[in-house]
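Heads up: the structure comes next, in structure tokens.
Just so it is clear, none of the values below were taken in a lab; they were calculated from the coordinates. Since the model is a prediction, treat every value here as computed from it, not as a measurement. Methodologically, a virtual Cβ is constructed for each residue, glycine included, from the backbone with ideal geometry; neighbour enumeration extends over all protein chains shown.
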Amino acid sequence: MGQRGDAQRGDSLIELLVSIGLLGIMVTAMMGAVFVTVASARMLRTEVAPANNVGLIMGNWADSITMSGYVQCESGSALAARNSPGAGWAWDGSKWTKGSGADLLTAQVTNMTYWDLGSDTVAPAFSSTCPAGGDTGVQSMKLVVTAPANSTYGDMQDLMLVKRNPCSAVDVAAKVAGC
């Protein structure tokens, strides 16, 4: 039997195992990229439809409330009534609703409080009633948007929001510029 020449020489077992290992690493990396792409597409699809995302509804509603005018000693339901979370919502006297049954969304203002400067015996703090001396120009409220559990909207979002009157009685007394 004759010897094989260099042109007929095959791959060694080690070379074969190394190439299979490299191929496995490349396939794993490509599968990871595919999974990330699918997850990104799913997230983008949710974000593109703000009417179907509780977080985006909350953000839009908070912006609307922040940009609306300041009303002294306004109740939470009065503030909510004049600031709709978006198109297609209905006011029922205490909260906004959209949809029905398994698709029912609600939005409401809870925990409306007012900054009270206090007195000689009471430290300044937020109070659930309008201060005796009048509204000092700072209100705190909790916005709550809820959807049915396990719905496509997400479950619930709440947000603490502080609204300030740029020209409150305190600012006017202190002669703040622009008031």
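Taking a cut-off of 24 Å, what percent of all Cα-Cα pairs in segment 53-173 are separated by more than that? Working shown, then result.
On the way: 2332 of 7260 pairs.
Tail fraction, whole percent: 32.
Hey, with R₀ at 35 Å, roughly what FRET efficiency would A41 and A90 work out to, going by the Cβ-Cβ distance, to 0.05?
Numbers: r = 33 Å, r/R0 = 0.94.
Calculated value: 0.60.
If neighbour count is taken as other Cβ atoms inside 10 Å, put T136, T37 in order from fewest to most. List each step's numbers first, then the result.
Numbers: T136 20, T37 10.
Ranking T136, T37 by Cβ neighbours within 10 Å, fewest first, gives T37, T136.
Can you give the FRET efficiency for S77 and A33, using 1/(1 + (r/R0)^6), R0 = 41 Å, r = Cβ-Cβ distance, to the nearest 0.05?
On the way: r = 50 Å, r/R0 = 1.23.
The pair S77/A33 has a calculated efficiency of 0.25.
For segment 19-119, with equal point scatterers placed on the C-alpha atoms only and solvent neglected, what are the log10 I(q)/I(0) values from the Debye formula at q = 0.10, 0.19, 0.22, 0.25 1/Å, to two decimals?
Once normalised to I(0) and log-transformed, intensities are -0.49, -0.98, -1.15, -1.31.
Which order do L143, L16 fall in if you start with the one that has the fewest other Cβ atoms within 10 Å?
L16, L143
Can you tell me the FRET efficiency between C167 and T121 if r is taken as the Cβ-Cβ distance and R0 is 25 Å, rounded to the nearest 0.05? Could the numbers behind the result be given before it?
Working: r = 29 Å, r/R0 = 1.16.
Once the sixth-power term is evaluated, E becomes 0.30.
Where does each of E74, E15 land when they are ranked from fewest to most other beta-carbon atoms within 10 angstrom? Spell out each step's value before the answer.
On the way: E74 21, E15 10.
In order of increasing Cβ crowding within 10 Å: E15, E74.
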